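One structure below.
The values are calculated or read from the model by the stated rules, or taken from the named source; none is laboratory data. Just so it is clear, the model here is predicted, and its values are computed rather than measured. As a convention, Cβ positions derive from the backbone with ideal geometry for all residues, glycine included, and neighbour counts pool all protein chains shown.
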Amino acid sequence: MAIDWDPPICLILHGHSFMYRIFRLKRLIVVFFVLITSSFVGIQFIPTTRNESSEVSKTDISQVAEVPSDIRSILNNSCYDCHSNNTRYPWYSRIQPAAYFMERHIVDGKKELNFSEFGTYSRRRQKSKLRSIISQVNTEEMPLPSYTWIHWSAKLSEREKKLVEEWATRLRNEPVDSRE
Ligand code: HEC
């Protein structure tokens, strides 16, 4: 009589057994979990520079140009986090990768337009930035949608858009102090 020499161990070694597949799957899940966790911990050590200053700079747009209080609060609330030298950081800004993306937005945003340094721009540059503000706000490219997605209150209403447009248009035609 033929004896069935196929004990479970052989099945395990050849990877045919159901239990072995489960075992492999579990191992895969553990490896995956360990990788994800360790890379999350790892990226926490990536340094970022914080964009904070305690006072309003002398070259801030509000110091060199006519910025009515309603416009000031719109800019403060919807634009200054990325376009000034002072960001109001939320709690998760200390956690990567959020900190990294925030820093990128701030660096790129300030490079294009920094309200804290508006007074250092040439009149020509100021005018071109004001024109750009009008178009960015009208086309809803600014504030960045990825930002308003989290900061609901930063989204501009139709009325606020109109106020910004009127103000920027007025400022384009007015002389503004500038340290050219
Ligand atoms: C979450 C960050 C963030 C916020 C908030 C934000 N911006 Fe920007 N902004 C950027 C970045 C980044 C750029 C440059 C890259 C781009 O155009 O997407 C930019 C570019 C611009 C430019 C283009 C400048 C140029 O020279 O063409 C204008 C104008 C502008 N923003 C105005 C605004 C205004 C006005 C607000 C508020 C109503 C605002 N932004 C809010 C991040 C932001």
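Cβ separations smaller than 6 Å between residues 6+ apart or across chains give the following pairs from the range 138-152 residues that are closer than 18 Å to Tyr92 by Cβ and of a type outside the set (A, V, I, L, M, F, W, C) to residues that are modelled with pLDDT of 95 or more and more than 7 Å from the ligand (Cβ to nearest atom): Thr148/Lys155. Scanning the range 139-158 finds one or more residues that are more than 22 Å from the chain's Cα centre (by Cα) and either of a type outside the set (Lys, Arg) or under 30 Å from Gly42 (Cα atoms) (or both).
Sub-6 Å Cβ pairs linking a first residue in the range 102-126 that is under 17 Å from Ala168 (Cβ atoms) and within 9 Å of the ligand (Cβ to nearest atom) to a second residue that is charged (D, E, K, R) and at pLDDT 95 or above, at least 6 apart or interchain, are Leu113/Lys129, ordered by first then second residue.
Can you pull out every residue in the range 57-92 that is outside any loop (DSSP other than H, G, I, E, B) and farther than 20 Å from Met142 by Cβ? Matches in the range 57-92: Gln63, Val64, Ser69, Trp91, Tyr92. Scoring His151 on the criteria (1) at pLDDT below 95; (2) touching a His at 6+ places or on another chain (Cβ under 7 Å) leaves a single failure, condition (2).
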